[in-house]
Amino acid sequence: MGKNITQKIIERRLVSGEMVPGKEIAIRMDQTFTQDATGTMAYLQFEAMGIPKIKTKLSVSYVDHNTIQDGFENADDHLYLMTVAAKYGIHYSRAGNGVCHQVHLERFGVPGDTLIASDSHTPTAGGIGMFAIGAGGIDVAVAMGGGPFYLTMPRIVLVKLSGRLKAWVSAKDVILELLRQLTTKGNVGKVIEYGGEGVKTLSVPERATITNMGAELGVTTSLFPSDEITREFLRAQKRENVWMPLEADPDAVYDEVIEINLSKIEPMVAQPHSPDNVVKVTEIEGLQVDQVGIGSCTNSSYKDLMTVAKILKGKTVPPHVSLIIAPGSRQVLQMITKNGALYDLISAGARIMESACGFCIGNSQAPRTDAVSVRTINRNFEGRSGTKSARVYLVSPETAAACAIYGMMTDPRKLGKRPPRMAIPKECFIDDSMIVPPSNKPEEVKIYRGPNIGDPPRKAPLADKIVGEVLLKVGDKITTDHIMPAGARLKYRSNVPKYAQFVFEGVDPTFAERAKAKNGGFLVGGLSYGQGSSREHAAICPMYLGVKGVIAKSLERIHTANLINFGIIPMTFKDPSIYDQIDQGDHLEIENLLNNLKSSPEITVKNLTKGTTFTVVHNLTPRQADIIMAGGLLNFTRLQHS
C-alpha cells in the first residue's frame, strides 16, 4: 500500500507510538520558531528547563506582532528576545524584517522537514511541503530542548484539485470555498493534503495562502507536494540546495477525499464574524466599504502586492476609503520599492504600514465605529480589528483592490476581462542583514529582563477533589481572542498577573475580578471552544485566576493542548444537551480525580446547586493525565529530569 505525504514525513521522525489514526504519537521536530507575542513566555519556560542550548536543526525568534512602541513593555521584550536568542543558539529576526510566516517561507523553510511554532498559522510552510504545526509556547520550548512533540495521529484528507483558476479568481477564493464547505468546526485531528492536476497550476505563494488559512478549519496542518514549482521558488530565494521532491505515492490511501474544480470557483468573501461565513462576492455587491486592508501572513507576498499595484496603477481611491497596505516581509518591500510598484500604491492613496502583523491582530488601524472593513487577512472575529462594532470581510487581494477603487463591495471581474499578469520572479532580492545569528560567545551574553517580565506562573499538583463555581457560560465558537484579547493588551504578555486582568474582557469585564474573589472555578462552553490563535495565555491566565476545568460541547486542538500544559482539565459533555441544564453560578464538584483520569475517559460531575449529576469525557492519554496531575507541563518536565 502506498503512502501519502503526511505518512512519509511522520514515519521518518516517529519517536514513539503507532501511526494509527486517533492514537497518540511523538515526533521529532527539525525546526521551531516563535513570534514576540508568544515567544517571551516560551523562552522564559525554556530557561526554566535549565537546558544550555537548543537541540533543533534551526530555531528562529521573530518580532512581528507588537512592533508598536506604546510604552516601554514591547521594546523591553524585544531586547529580552534578542539576548536570549544570542545566548541559546537561536536566530533573531528583528522588528521590521517581516511577518514570521512569510519570512520563514522565504528564508528558512525546508520541504519534508517538521516545524513547530507558537503561532496557529504555522502551516503556511506547508506551501513548500513542510509538516508545520502551530502549538503553545511551552510545546515549542520542549522541542527546542530536544523533546518530541506529541499529537494524535491524524486522519488524512485529500483535497483533489482539478482545472485552473479563471481570471480574477485567486488562491484566497479556493480556501474560502473550502471553509464554506467544511466550516471551522468538526475538523480536529485531520491533516489536509492537496493533490491532483490542479496543484501544478498554483505557485508557492498561492499554495501558502491556502495552507495558511487551513488553520481556520481547525485541522492539525495542511500541505502541498514539493515539486518543480517548489524548486523554482527556492531557487529564486537562492536556497535550491534544501529542495527535495516529495509527493504521495500513486496508490496512497486517504481517510477522505474532497474534489474541487478550480475552474468553477468564483470570487468569494467571508462575512462577519467568522471565516466560514462565506458567500460569493456577487451576493453582497454594493455594500459601502470604509476601509481596505491588504497584507498579513495570508496575502502579503510579492505576487500579491504586485497584483494589487498593477490594478491600482493610475487610479485613486475615493475619499471615504482608508486603504492600508502591509508588505509581508522586508524582502517584499525592498523588491516593490526597487521596481516602482510602491510608487503606484502610494499614488493611488495607500498608506504603507510596517512589514508586521499590524492591523491583522488589531494593534493598529482600528476602523471607525460601525465600519465595513474589507481585509485580505485570515480572521474576522468580532472585535479583533480593535473596534467591536466594525464588520470585517475577508477577501482576496484582487477583490480588495476592486473594493478600494469603487468604494464598495465589488466583484473584481468588473475591472476588465484580463487581470494583470504576474510572473513569479526568477531571482529575489536577498538581504538577511536584519536576521541576527546567535552569538559565538554565548557565555558572555547577559540576558536583559525589563520590569514587565516575570517568571512563568506555576500551578500546584492536581487535588483529588475539585469544587468550584461556573464562573462563565459561553456559546459556540469562542475564540482565544475572546478569552485573551490581543491588540494593545499583548504588551502585558510577559506579565501574567497584569495580563490576567483582561481575561474575557470583551465577553464579561467582571470575569477576572470575580474569578479571583471566588478562588477560581469552571468554564462552560458550546461548540468549537478555543478556536483561533495558538495564544497559550488563553490557558495560562485563566489558570492564574484559578480556573480548574473547562467543560464544552467540543474543544479545538491547540487550545486543548494548552489547557493540559497548564493543568486545566479539558472536558466535553457526553450528552451535549446537559449544556442547557447548567447555569452560570452553579457549583460543581468532581471527586476521585487522580484515579479517574488514568482509569476511565469518563468523569462524573455533581451539580451541587441543582442536586444533579452528569458525565463528561476527558480523552486524556496516560501521558496527558500525568501532566494534569503534575500541575502542568513545566512541572512534569522538571519531574522527568529530576
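The values are calculated or read from the model by the stated rules, or taken from the named source; none is laboratory data. Computed from a prediction, not measured in an experiment: that's the story for all the values here. Note that each Cβ is placed from the backbone with ideal geometry, even for glycine, and that neighbours are counted across all protein chains shown. With ligands, DNA and RNA removed, areas are computed over all heavy atoms of the protein, side chains included. Shrake-Rupley method; radii C 1.70, N 1.55, O 1.52, S 1.80 Å.
Being of a type in the set (S, T, N, Q) and over 24 Å from Gly109 (Cα atoms) narrows it down to one residue among Asn4, Asn74; which is it?
On the way: Asn4 fails: over 24 Å from Gly109 (Cα atoms).
Going through Asn4, Asn74 in turn, just one is of a type in the set (S, T, N, Q) and over 24 Å from Gly109 (Cα atoms): Asn74.
Examine region 223-230 for a residue that is within 23 Å of Asp304 (Cα to Cα), touching a Pro at 6+ places or on another chain (Cβ under 7 Å), hydrophobic (A, V, I, L, M, F, W, C) and open to solvent by 20 Å² or more (accessible area, probe 1.4 Å), and state whether such a residue exists.
no
Are there any pairs with C-beta distances below 6 angstrom linking a residue in region 244-270 that is aromatic (Phe, Trp, Tyr) to a residue that is modelled with pLDDT of 95 or more, with the two at least 6 apart or on different chains, and if so which?
Hits for this filter: Tyr254/Ile156; Tyr254/Leu158.
Every residue in region 602-628 that is surrounded by fewer than 20 Cβ atoms within 10 Å (Cβ to Cβ) and closer than 18 Å to Ala561 by Cβ, please.
Val617, Asn619, Thr621, Pro622, Arg623, Asp626
Looking at (1) in contact with a strand residue (DSSP E or B) (Cβ under 8 Å, 6 or more places away or on another chain); (2) open to solvent by less than 30 Å² (accessible area, probe 1.4 Å); (3) closer than 20 Å to Thr220 by Cα, which is the one condition that is false for Val550?
(3)
Give me a count of the residues in region 588-618 that are assigned to a loop (DSSP other than H, G, I, E, B), in contact (Cβ under 8 Å) with a residue 40 or more places away in the chain and under 33 Å from the mean Cα position of the chain (by Cα).
1
Any idea which of (1) modelled with pLDDT of 95 or more; (2) not in a helix (DSSP H, G or I); (3) not charged (D, E, K, R) is the one Leu234 doesn't satisfy?
Unmet condition: (2).
From the residues in region 202-228 that are among the hydrophobic types (A, V, I, L, M, F, W, C) and in contact with a Lys or Arg (Cβ under 7 Å, 6 or more places away or on another chain), which one is modelled with the highest pLDDT?
Residue satisfying both the conditions and the ranking: Phe224.
Quick test for you: out of Leu639, Leu593, Leu597, Leu588, pick the one residue that is of a type in the set (A, V, I, L, M) and open to solvent by 10 Å² or more (accessible area, probe 1.4 Å).
Leu639
Would you confirm, using the coordinates I've provided, whether Glu382 is open to solvent by 30 Å² or more (accessible area, probe 1.4 Å), over 26 Å from Asp276 (Cα atoms) and at pLDDT below 95?
no
Counting residues that are open to solvent by less than 60 Å² (accessible area, probe 1.4 Å), in contact with a Leu (Cβ under 7 Å, 6 or more places away or on another chain) and under 29 Å from Gly386 (Cα atoms), which helices (runs of 4 or more DSSP H) fully inside region 439-538 reach at least 1?
Qualifying helices (runs of 4 or more DSSP H): 511-517.
For region 328-346, give me each residue that is within 29 Å of the chain's Cα centre (by Cα), assigned to a loop (DSSP other than H, G, I, E, B) and surrounded by fewer than 24 Cβ atoms within 10 Å (Cβ to Cβ).
Result: no residue meets the conditions.
Answer yes or no as to whether Ile361 is within 25 Å of Pro267 (Cα to Cα), free of Cβ contacts under 8 Å to residues at least 40 places away in the same chain and either open to solvent by less than 40 Å² (accessible area, probe 1.4 Å) or aliphatic (A, V, I, L, M) (or both).
Working: within 25 Å of Pro267 (Cα to Cα): yes; free of Cβ contacts under 8 Å to residues at least 40 places away in the same chain: no; either open to solvent by less than 40 Å² (accessible area, probe 1.4 Å) or aliphatic (A, V, I, L, M) (or both): yes.
No.
Those residues that are closer than 21 Å to Glu24 by Cβ and open to solvent by less than 20 Å² (accessible area, probe 1.4 Å), I need them from region 553-584; list them, please.
Within region 553-584, Glu556, His559, Asn562, Leu563, Ile564, Asn565, Phe566, Gly567, Ile568, Ile569, Pro570, Met571 qualify.
Does region 238-248 contain at least one residue that is among the aliphatic types (A, V, I, L, M), part of a loop (DSSP other than H, G, I, E, B) and more than 26 Å from Thr122 (Cβ to Cβ)?
The answer is no, given that none of the residues of region 238-248 is among the aliphatic types (A, V, I, L, M), part of a loop (DSSP other than H, G, I, E, B) and more than 26 Å from Thr122 (Cβ to Cβ).
Is it fair to say Asn261 is touching a helix residue (DSSP H, G or I) at 6+ places or on another chain (Cβ under 9 Å) and either at positive phi or open to solvent by 60 Å² or more (accessible area, probe 1.4 Å) (or both)?
Answer is no for this residue.
Confirm whether Asn562 is in a helix (DSSP H, G or I) and in contact (Cβ under 8 Å) with a residue 24 or more places away in the chain. Give the derivation first.
Details: in a helix (DSSP H, G or I): yes; in contact (Cβ under 8 Å) with a residue 24 or more places away in the chain: yes.
Taking the combined requirement at face value, the residue satisfies it.
In region 285-327, how many are free of Cβ contacts under 8 Å to residues at least 40 places away in the same chain, surrounded by fewer than 24 Cβ atoms within 10 Å (Cβ to Cβ) and at negative phi?
The qualifying residues number 3.
Restricting attention to strands (runs of 3 or more DSSP E) lying wholly within region 113-214, give those where 2 or more residues are in contact with an Asp or Glu (Cβ under 9 Å, 6 or more places away or on another chain) and surrounded by 24 or more Cβ atoms within 10 Å (Cβ to Cβ). First the steps, then the outcome.
Details: elements: 114-117, 131-134, 149-152, 155-162, 190-195.
Result: 114-117, 131-134, 155-162.
Restrict the check to region 118-132 and report whether at least one residue is out of contact with any Lys or Arg (no Cβ under 6 Å at 6 or more places or on another chain) and either free of Cβ contacts under 8 Å to residues at least 40 places away in the same chain or on the phi > 0 side of the Ramachandran plot (or both).
Looking for residues that are out of contact with any Lys or Arg (no Cβ under 6 Å at 6 or more places or on another chain) and either free of Cβ contacts under 8 Å to residues at least 40 places away in the same chain or on the phi > 0 side of the Ramachandran plot (or both), one finds at least one in region 118-132, hence yes.
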